[in-house]
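Input: a single structure, listed below in structure tokens.
The values are calculated or read from the model by the stated rules, or taken from the named source; none is laboratory data. None of the values given here were measured: they were computed from a predicted structure. Backbone-built Cβ (ideal geometry, glycine too); neighbour counts: all protein chains shown.
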Amino acid sequence: MKLTLFCLFTAITAFTYWLRHINLQYLKHHGDKVPEGFEDAIDTEKLRRSSTYTFDSSRLGLWDSLLDNVLLIVFLFGEVILTYDHFITSLSASPIIAAILFFLLLTWVSTLLGIPFDLYGTFRIEARYGFNTTTPRLWVTDFFKSQVIGAILLAFLVAVVFSLIQWSPQNWWLWVWGFMALFTLFMMFISPYVIEPLFNTFEPVVEDGLEEEIRVMMEKAGLKVGRVMQMDASRRSKHSNAYFTGIGKVKRIVLFDTLIRQMSHGEIVAVLAHEIGHWKKGHIWKRLLWAEIMALAGSWISFKLLSWPGLPGLLGLPADLSLPAKMVLLGFVASLALFPLGPFSAWRSRCHEREADRYAADLTGRPEDLASALVKMSAENLSNLFPHRLYAAFYYSHPPAVERVRTLREFQRQLS
């Protein structure tokens with residue numbers, strides 16, 4: 001079975017690398033002509049920079065992925081996990097403390113190995129294409145903040161999960177699922193006010209006249225959002241974006257300050273209308289519900305498999321592995337089993353994005369504003385305008401920009 005799992009992992013990994021290859025080859029052969037409707041924002045030189053940026057970013061991602069996969073093979077199939085497991089269990093007789101150490105050390109090692117790639121991506125590739133505004137000091141500050149927060153949250157989650165396992169050995173899967181569901185909702189409530197401000201400054205939109213246009217659009221949508229905020233994203237990058245955060249009374253829409261500088265009021269309102277579309281169409285709660293249904297099923301299956309003495313034997317390991325080590329093995333096996341669901345998740349997300357686009361077009365009555373905004377965002381972010389269909393099917397959470405713009409302009413022609 002060990003050989004079978006190794007071959008399956010190798011086949012899936014090779015397939016993902018082939019998808020990268022055909023995506024870049026497609027860009028190489030088709031990315032020399034500005035798409036229809038993008039001529040005002042993208043010239044031949046910017047199109048060339050967009051292609052080289054995609055190639056450089058993809059190449060860095062490939063090397064990062066190769067290192068991760070080699071280390072994973074050594075750790076699992078080279079039985080390093082057995083040595084690591086024995087080392088951790090020798091540090092503490094407490095199963096809970098040992099579990100915390102097990103996952104914390106793994107996380108820290110993975111993070112440290114990823115630092116060179118992050119630094120190169122930020123200070124070489126992003127800087128080369130004019131995106132990076134992060135200083136070394138800010139990068140270090142962000143790094144340590146994220147590590148401290150991540151370590152605290154991880155230690156807390158592991159401690160609670162393993163306490164529940166000890167407290168209810170036969171029903172822990174249900175208690176753990178319930179706890180994680182509540183914790184997820186809790187984080188959605190507090191993140192906009194506790195965690196996100198640790199990294200960025202948020203303030204109400206201050207652009208002259210924009211607040212009134214936003215208010216009118218909100219009233220038309222019949223939606224009360226806590227606030228529409230702008231974020232100082234330009235401290236770290238010139239990339240532009242917008243997103244929906246929070247839930248219930250603390251929900252709010254956040255605009256990058258870079259986006260506000262790049263777009264007209266009508267385009268900004270259209271982007272906001274798109275984000276509101278996600279809420280009005282129920283995408284937020286639908287995604288939450290789907291995630292919790294999958295998590296409940298996953299918790300029960302995990303309980304069964306972790307109770308099965310044969311789980312370590314799938315990789316030729318002894319049955320007396322600790323529970324944290326078994327969880328790592330289970331996570332690896334699950335990643336192989338769930339790989340075919342990736343395209344389905346991406347497809348669902350793209351469907352939601354299309355619905356939000358249509359909602360924005362209907363709400364504002366000006367589909368061209370959102371189309372124009374997408375063209376500008378694609379140009380400013382040097383987005384790949386020529387993804388391969390199969391690559392997009394597996395990895396794109398949004399429809400390709402050219403497709404979205406074409407659809408929106410068709411809506412505009414129908415209204416004219």
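Structure notes:
- Residue-level analysis places residue 147 among those that are part of a helix (DSSP H, G or I), among the polar types (S, T, N, Q) and either surrounded by fewer than 16 Cβ atoms within 10 Å (Cβ to Cβ) or under 21 Å from the mean Cα position of the chain (by Cα) (or both).
- Qualifying residue in the stretch 369-388 (condition: assigned to a helix (DSSP H, G or I), loosely packed, with under 14 Cβ neighbours inside 10 Å, out of contact with any His (no Cβ under 7 Å at 6 or more places or on another chain) and not hydroxyl-bearing (Ser, Thr, Tyr)): no
- Single residue of 94, 51, 65 found to be within 30 Å of residue 371 (Cα to Cα) and hydroxyl-bearing (Ser, Thr, Tyr): 51
- Among the residues making up the stretch 85-134, those that are without any contact (Cβ under 8 Å) to a residue 24 or more places away in the chain and among the charged types (D, E, K, R) are 118, 124.
- Among the candidates 93, 99, residue that is of a type in the set (A, V, I, L, M), surrounded by 14 or more Cβ atoms within 10 Å (Cβ to Cβ) and under 18 Å from residue 321 (Cβ atoms): 99
- Any hit, the stretch 236-245, residues being in contact (Cβ under 8 Å) with a residue 40 or more places away in the chain, of a type in the set (Phe, Trp, Tyr) and under 25 Å from residue 359 (Cβ atoms): yes
- Just one of (1) modelled with pLDDT of 95 or more; (2) under 24 Å from residue 294 (Cβ atoms) fails for residue 173. It is (1).
- Count - residues of the stretch 372-391 that are farther than 22 Å from residue 238 by Cβ and either touching a residue at least 40 places away in the same chain (Cβ under 8 Å) or aromatic (Phe, Trp, Tyr) (or both): 5
- Of all the numbered requirements in (1) in contact with a helix residue (DSSP H, G or I) (Cβ under 7 Å, 6 or more places away or on another chain); (2) modelled with pLDDT of 95 or more, residue 116 misses one, and that requirement is (1).
- Residue within the stretch 98-107 that is touching an Asp or Glu at 6+ places or on another chain (Cβ under 9 Å), under 30 Å from residue 2 (Cα atoms), modelled with pLDDT of 95 or more and of a type outside the set (S, T, N, Q) present: yes
- Residue match in the stretch 59-77 (condition: crowded, with 17+ Cβ neighbours inside 10 Å, over 29 Å from residue 11 (Cβ atoms) and modelled with pLDDT under 95): no
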